[in-house]
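Taking it in order: structure first as structure tokens, then the write-up.
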Amino acid sequence: MFSQKEFIEATRQFVCVRLESYESKEHQDLVRSFLNGRFENTAFCILAPDGEERLTGSSRSPAMVLGSSGRGPQAAPGSSNDVVDGMNQIARSYRPKGVDEQMTLQDFHTFRQALNVASGDQRLLLFVAAPDSEKSRIRKVLQPIFASGEFTGRYHLDFGSSATDANWSDVIEKTSAKTGYVIIRADEFGQTGEVMGQLPLTASAENLKTALLAANERFAETEERKVYSEHVQEGRREDIFFEGGMPYGEDRDGDGEIDHVGGGKGKGKGKGPGRP
């Protein structure tokens, strides 16, 4: 459903927030608020523009909330058409006040997480290595680019932090400078990556767009779609493990503790990339 054209078009009427629940306790607490105190690795709810009022019930997935038997946690899973129709109906009640060119840009907790998620989602990562004093100007350059249809949803974006990302280039091949716009292709498990393009912070928006499109064209020609089950098995064979900021696992009984079933601290090895 998430790759369906109609669903993607419907989501563009909303501000879509992806919680980084294995990097942030604050995000885990928010997931719990949607699931009656439980913590599971997915939750879905539609909020009003104030970010507080809930316009739907909340549950594990869009289909469970906007399914054919009505909105709410107990709704039966419906078809993707039910979800799209429900989202469009809600969107018609609200008129956007902002403009796309003032959109809030994506940013991750850490570069290593951004690289991991880019690998899991099979997208290129645009990493901005810049001093804090330059970031406001850079955001103004990037906002209209990422609001454009040919860029929306095709790349991940991360702004480097001097506190957590000082050594970002240590795991990246072919870096030519410590600052700049860096277009990165993550490796299979999001542990390392290679540069597919690098521009100075003074680059124009047009030059940046040209570089991104060219890199994505090369990426699309050579990137093979991952089969999740095979990918996980290979990760386990190679003993790949991404250490998140929060313990892996779910708290399905809502007792406040992660339920480690049949594996203790080792559970989670081989999960592969893309598990924020």
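Does N116 satisfy being crowded, with 18+ Cβ neighbours inside 10 Å, under 28 Å from F159 (Cβ atoms) and at pLDDT below 95?
Values: crowded, with 18+ Cβ neighbours inside 10 Å: yes; under 28 Å from F159 (Cβ atoms): yes; at pLDDT below 95: yes.
Judged against the criteria, N116 is a match.
Here are L105, L47, L125: which of them is modelled with pLDDT of 95 or more, closer than 30 Å to K178 by Cβ, within 20 Å of the chain's Cα centre (by Cα) and surrounded by 14 or more Cβ atoms within 10 Å (Cβ to Cβ)? Full working, then the answer.
On the way: L105 fails: modelled with pLDDT of 95 or more; L47 fails: closer than 30 Å to K178 by Cβ.
L125 is the lone residue from the list that is modelled with pLDDT of 95 or more, closer than 30 Å to K178 by Cβ, within 20 Å of the chain's Cα centre (by Cα) and surrounded by 14 or more Cβ atoms within 10 Å (Cβ to Cβ).
Checking the structure you have, find out if any residue of the range 212-219 is open to solvent by less than 60 Å² (accessible area, probe 1.4 Å) and assigned to a loop (DSSP other than H, G, I, E, B). Steps first, please.
Within the range 212-219, the subset open to solvent by less than 60 Å² (accessible area, probe 1.4 Å) is 212, 214-216, 219.
Then drop every residue that is not assigned to a loop (DSSP other than H, G, I, E, B), which leaves none.
Within the range 212-219, none of the residues are open to solvent by less than 60 Å² (accessible area, probe 1.4 Å) and assigned to a loop (DSSP other than H, G, I, E, B).
Taking into account only those residues within the range 1-40 that are part of a helix (DSSP H, G or I) and hydroxyl-bearing (S, T, Y), which is modelled with the lowest pLDDT? Working first, answer last.
From the range 1-40, those part of a helix (DSSP H, G or I) are 5-11, 25-34; that's our starting set.
From the residues that got through so far, the ones that are hydroxyl-bearing (S, T, Y) too are 11, 33.
Details: T11: 89, S33: 94.
The selected residue is T11.
For E40, indicate whether it is touching a residue at least 12 places away in the same chain (Cβ under 8 Å) and either among the β-branched types (V, I, T) or open to solvent by less than 60 Å² (accessible area, probe 1.4 Å) (or both). Walk me through how you get there before you give the answer.
Values: touching a residue at least 12 places away in the same chain (Cβ under 8 Å): yes; either among the β-branched types (V, I, T) or open to solvent by less than 60 Å² (accessible area, probe 1.4 Å) (or both): yes.
It is true that E40 is touching a residue at least 12 places away in the same chain (Cβ under 8 Å) and either among the β-branched types (V, I, T) or open to solvent by less than 60 Å² (accessible area, probe 1.4 Å) (or both).
Y228 passes all but one of (1) of a type in the set (F, W, Y); (2) at pLDDT 90 or above; (3) loosely packed, with under 15 Cβ neighbours inside 10 Å; which number fails?
With (1) of a type in the set (F, W, Y); (2) at pLDDT 90 or above; (3) loosely packed, with under 15 Cβ neighbours inside 10 Å applied to Y228, the lone miss is (2).
Kindly establish whether R225 is part of a strand (DSSP E or B) and within 19 Å of the chain's Cα centre (by Cα).
Working: part of a strand (DSSP E or B): no; within 19 Å of the chain's Cα centre (by Cα): yes.
So R225 does not fit the description; no.
Let me confirm something: among E20, E52, E26, which residue is under 19 Å from G254 (Cβ atoms) and of a type outside the set (F, W, Y)?
Numbers: E20 fails: under 19 Å from G254 (Cβ atoms); E52 fails: under 19 Å from G254 (Cβ atoms).
Only one candidate passes the filter, namely E26.
Which pairs have Cβ atoms under 6 Å, sit 6 or more apart or on different chains, and link a residue in the range 106-120 that is in contact (Cβ under 8 Å) with a residue 12 or more places away in the chain and under 13 Å from D165 (Cα atoms) to one that is crowded, with 22+ Cβ neighbours inside 10 Å and among the hydroxyl-bearing types (S, T, Y)?
Filtered contacts from the range 106-120: no entries.
Go through the range 168-185 residue by residue and tally those that are open to solvent by 20 Å² or more (accessible area, probe 1.4 Å) and part of a strand (DSSP E or B).
2
Could you check the range 142-159 and list, in sequence order, the residues that are more than 16 Å from the chain's Cα centre (by Cα) and buried (at least 16 other Cβ atoms within 10 Å of the Cβ)?
Residues satisfying the conditions are L142, Q143, P144, I145.
Only residues in the range 223-248 that are under 16 Å from G190 (Cβ atoms) count as the first member; pair them with residues that are open to solvent by 40 Å² or more (accessible area, probe 1.4 Å) and of a type outside the set (S, T, Y), Cβ under 6 angstrom, at least 6 apart or cross-chain, and list the lot.
From the range 223-248, the pairs are F241/K269.
The values are calculated or read from the model by the stated rules, or taken from the named source; none is laboratory data. All of these numbers come straight from a predicted model, not from anything done at the bench. We place every Cβ from the backbone using ideal geometry, glycine too, and count neighbours over all the protein chains shown. When the accessible area is computed, the model is the full protein with side chains, heavy atoms only, and any ligands, DNA or RNA have been set aside. Shrake-Rupley method; radii C 1.70, N 1.55, O 1.52, S 1.80 Å.
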